[in-house]
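The values are calculated or read from the model by the stated rules, or taken from the named source; none is laboratory data. Everything numeric here is computed off the predicted structure, so don't read it as measured data. Methodologically, a virtual Cβ is constructed for each residue, glycine included, from the backbone with ideal geometry; neighbour enumeration extends over all protein chains shown. Quick note on the areas: whole protein, heavy atoms, side chains included, nothing else; ligands and nucleic acids left out. Shrake-Rupley method; radii C 1.70, N 1.55, O 1.52, S 1.80 Å.
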Amino acid sequence: GIIDLLPASVSKAHALAWWVQHTGLRHDAIVFAGDSGTDLAALTAGYRAIVVANADRAIARRASEAHREAHWQNLLYLARQRATSGVLEGCRWFGLIEPARRQPTQPGATPVAARRTHFRVWAPRQNRVVVQAEREDQTVQASLPPEGNGFFAGELDNVGPGHRYRYELDDEVARPDPASHFQPAGVHGRSQVVNQQAFAWTDQHWPGLPKRELIIYELHVGAFTEAGTFRAAIERIGELVELGVTAVELMPLAQSPGRWNWGYDGVDLFAVRNTYGEPDDLKAFVDACHGAGLAVIHDVVYNHVGPEGNYLADFGPYFSTRHHTPWGEAFNFDEPQAEQVRKFIVDNAIFWLQ
């Protein structure tokens, strides 16, 4: 057995600070991995940090919240594997060892390391697709090689979570990603790379509810609180429990135009509405609901998209020529190349569940 003894006035963060001071190491040369409460000070001291999967989820959550509140980008990695396997996984993420080369197959921007992102887009109407990414005060770009079946895919180094990007189509127009995970500037702005594995869930023991026990409260995030955000809604979960409901049905969350919106004319189906918060804010709301015993239902719209900010047709035959709706263009589910459109919608449903 091993016993760690530390004076009450110091922590492991002091040890890291000593290394920086006495060995001349740069602050960003350190990566600390941990799994317990005694590691928390070091995990939240502003160094690159790895929380392995066997750590208590409360520790992972506290570390994650500390990084979020300090506005630190890409300094914390929540490993999916335990112990030393989790350490190796984190080292790959931070680029200390060569990562495994497994190409993501889902559409959109998928960070494969802290400073490297894989881009994949279906654009059969285009001959050339270039990804343009904003990195610090400069724009970097790369042509995405054709992959077959109308897909273009490739990776950009030194681009990671938090960086914004768009696709230039045949050197003519620049558009947001059809599978964007976040649109910080709305439907017309650049898309943002999101690390969907960065949230520290604490609901691993949530059992779900049988249908017969569902008492559903339909909730519009923008109107539920004065602030109109997921984080503000968390503060009122206790009122829903007191009311006697057992489930919250969130009205459509996909990015739609304007400051106020019912959500039924969303155009970026993979992106949570920016006025409500970021993807991790939605996860925090779901996690808090589960912690309070409430199920969460997500309302989606798959028969059409709204008219404003709808750039899908620039990429491919997303829309039907024979079916129409009074609210916006109907998806192409039964015409040529409909298979990829149907897969786009199925992938979206799976994405929200995950």
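Residues that are among the aliphatic types (A, V, I, L, M), modelled with pLDDT of 95 or more, open to solvent by 40 Å² or more (accessible area, probe 1.4 Å) and under 21 Å from Pro252 (Cβ atoms) do not occur anywhere in the range 322-336. For the range 203-212, the criterion of being in contact with a helix residue (DSSP H, G or I) (Cβ under 6 Å, 6 or more places away or on another chain), of a type outside the set (Gly, Ala, Ser) and open to solvent by less than 20 Å² (accessible area, probe 1.4 Å) is met by no residue. In summary, Phe315 fulfils each of the numbered conditions (1) farther than 30 Å from Arg212 by Cα; (2) of a type outside the set (D, E, K, R); (3) surrounded by fewer than 20 Cβ atoms within 10 Å (Cβ to Cβ) with the single exception of condition (3). Taken over the range 75-86, the criterion of being surrounded by 21 or more Cβ atoms within 10 Å (Cβ to Cβ) and part of a loop (DSSP other than H, G, I, E, B) is satisfied by Ala79 alone. All of Val140, Val112 fail the test of being free of Cβ contacts under 8 Å to residues at least 40 places away in the same chain, open to solvent by less than 70 Å² (accessible area, probe 1.4 Å) and of a type in the set (Val, Ile, Thr), apart from Val140.
If you go through the range 193-217 and keep only what is more than 19 Å from Asp347 (Cα to Cα) and touching a residue at least 40 places away in the same chain (Cβ under 8 Å), you end up with Ala198, Phe199, Ala200, Trp201, Thr202, Asp203, Gln204, Trp206, Gly208, Leu209, Leu214, Ile216.
Taken as a whole, the structure places Gly108 among residues that are on the phi > 0 side of the Ramachandran plot and in contact with a Phe, Trp or Tyr (Cβ under 7 Å, 6 or more places away or on another chain). For the range 144-179, which residues satisfy the criterion of being surrounded by fewer than 20 Cβ atoms within 10 Å (Cβ to Cβ), over 26 Å from Asn74 (Cα atoms) and of a type outside the set (D, E, K, R)? Within the range 144-179, Pro145, Pro146, Gly148, Asn149, Gly150, Phe151, Val173, Ala174 qualify. Restricting attention to the range 213-234, the residues being open to solvent by 30 Å² or more (accessible area, probe 1.4 Å) and under 29 Å from Ala79 (Cα atoms) number 3.
Against the condition polar (S, T, N, Q), under 27 Å from Ala338 (Cα atoms) and touching a residue at least 12 places away in the same chain (Cβ under 8 Å), how does Thr105 come out, does it pass? Answer is yes for this residue.
Can you find, within the range 8-27, the residue that is farthest from Thr44 (Cα to Cα) among those that are part of a helix (DSSP H, G or I) and open to solvent by 70 Å² or more (accessible area, probe 1.4 Å)? Among them, the one singled out is His22. Of the residues making up the range 49-74, just one is assigned to a loop (DSSP other than H, G, I, E, B), under 19 Å from the mean Cα position of the chain (by Cα) and buried (at least 18 other Cβ atoms within 10 Å of the Cβ), namely Asn74. Taking (1) more than 14 Å from Pro184 (Cβ to Cβ); (2) open to solvent by 20 Å² or more (accessible area, probe 1.4 Å); (3) not acidic (Asp, Glu) in turn, Ala247 satisfies each apart from (2).
When the range 35-48 is filtered for residues that are in a helix (DSSP H, G or I) and acidic (Asp, Glu), only Asp39 remains. Taking the listed residues Arg80, Arg92, Arg101, the one that is among the basic types (Lys, Arg) and in contact with a Pro (Cβ under 9 Å, 6 or more places away or on another chain) is Arg92, with no other qualifying.
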